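Visitor: I am attaching a structure below and will ask some questions about it afterwards.
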Amino acid sequence: MFLFRDSECEEKPELIIVPMVDVMLFLLAFFVLIAGSIIPGLAMKTNPPETVQKSSFKPKRKVVTVVIKRNGAIYYGDTKMNFDELVRLFKSFKKEDLLVSLVVDADRGAPVQSLVNVMDAAQKAGINSIGLLAKEKNENRR
């Protein structure tokens, strides 16, 4: 028969936190990087115009977001686009899904001509549901 002594097992189990912290930091970095690619239009920083109106825009099934920077450059995701490229892009989305909505995230200092170009490209591709991104204006500052 074997006898065990308590004095031989003096080590108490420990919880090692460092590997868990490493895994959590990796997951955090992974989700931050993925979130930027899932929401391409919101990854670019713009200063949208302000409005006091509540939105009545009802997006359809597929939503395409285009960004217009202050200098008038038009982007889809991280790709700079011209008029013809926009028309091809919008037509490809229209082929995939007939119910497509366009959201334009334009900087408040962007030239109006860039906005008109985006709207013309959408009309040419057959997209009739267009919304402009704006932030809500604080009515106390009026």
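The values are calculated or read from the model by the stated rules, or taken from the named source; none is laboratory data. Treat the numbers as computed from the prediction; the structure is a model and nothing was measured. Cβ coordinates were reconstructed from backbone atoms using ideal geometry, including for glycine residues, and neighbour counts include every protein chain displayed.
Visitor: Could you tell me whether residue 120 is surrounded by 18 or more Cβ atoms within 10 Å (Cβ to Cβ), closer than 20 Å to residue 85 by Cβ and either of a type in the set (A, V, I, L, M) or in contact (Cβ under 8 Å) with a residue 12 or more places away in the chain (or both)?
Guide: No, not satisfied.
Visitor: Please return the ranges of helices (runs of 4 or more DSSP H) entirely within the stretch 1-108 where 1 or more residues are at pLDDT 70 or above.
Guide: The helices (runs of 4 or more DSSP H) meeting that bar are 18-38, 83-96.
Visitor: Please go through the stretch 93-110 and pick out each residue that is out of contact with any Pro (no Cβ under 7 Å at 6 or more places or on another chain) and loosely packed, with under 14 Cβ neighbours inside 10 Å.
Guide: Once the filter is applied, which keeps residues that are out of contact with any Pro (no Cβ under 7 Å at 6 or more places or on another chain) and loosely packed, with under 14 Cβ neighbours inside 10 Å, the stretch 93-110 yields 95, 96, 97, 98, 99, 109.
Visitor: Still on this structure, I have one more. Suppose we filter the stretch 65-92 for residues that are within 17 Å of residue 126 (Cβ to Cβ) and crowded, with 20+ Cβ neighbours inside 10 Å; how many remain?
Guide: Residues that pass the stated criteria total 3.
Visitor: Could you tell me which numbered condition residue 130 fails, if it satisfies all but one of (1) β-branched (Val, Ile, Thr); (2) buried (at least 18 other Cβ atoms within 10 Å of the Cβ); (3) within 20 Å of the chain's Cα centre (by Cα)?
Guide: Of the numbered conditions (1) β-branched (Val, Ile, Thr); (2) buried (at least 18 other Cβ atoms within 10 Å of the Cβ); (3) within 20 Å of the chain's Cα centre (by Cα), the odd one out for residue 130 is (2).
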